[in-house]
Amino acid sequence: MIMKKTVLLMVMMLTAVVGMAKNIKTVVLTTTPIMHCESCENKIKGNLRFAKGVKQIETNIAEQTVTVSYDADKTTPAKLAAAFGKFGYKAKEVNALKNNCKKDGADCCKATSKAQSSNSDCCK
């Protein structure tokens, strides 16, 4: 009898843990205008943290990227990029830029490299 209760309790706990699991994903974005100082980083982090589903935000001025961990059940990369508009920025997914370069050819890569100087490996 005690063994059955213990097994039942363990099954219920396992079910609860599986049910609470989050679908956490990460997206890397680049912004326009570019981040050039700590104030830019703080503005992005301070405002983006209120977007639905955002779990963690990391910025990198040298690479001109914003890495966002988010709950995929609550938001999408497109919605996160759109959230930048609320505080005066435009954002594009870095992988999307690379995919467009591969489709559009060398001219796209040159244009993207000029616009995002730190993403010179766009075509690779």
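Check whether at least one residue in region 34-42 is open to solvent by 50 Å² or more (accessible area, probe 1.4 Å), part of a loop (DSSP other than H, G, I, E, B) and not hydroxyl-bearing (Ser, Thr, Tyr), and report yes or no. Yes, that holds for at least one residue. For region 43-62, enumerate the residues that are assigned to a strand (DSSP E or B) and not aliphatic (A, V, I, L, M). Passing the criteria: 55, 56, 58, 59, 60.
Screening the candidates 79, 86 for the property of being under 15 Å from the mean Cα position of the chain (by Cα), without any contact (Cβ under 8 Å) to a residue 60 or more places away in the chain and surrounded by fewer than 19 Cβ atoms within 10 Å (Cβ to Cβ) yields one hit, 79. Against the conditions (1) surrounded by 13 or more Cβ atoms within 10 Å (Cβ to Cβ); (2) modelled with pLDDT of 55 or more, residue 110 satisfies every one except (2).
The values are calculated or read from the model by the stated rules, or taken from the named source; none is laboratory data. From a predicted model like this one, the values you see are computed outputs, not experimental measurements. Here the Cβ is made from the backbone with ideal geometry for all residues, glycine too, and neighbour counts use every protein chain on show. All accessible areas refer to the heavy atoms of the entire protein, side chains included, with ligands and DNA or RNA removed. Shrake-Rupley method; radii C 1.70, N 1.55, O 1.52, S 1.80 Å.
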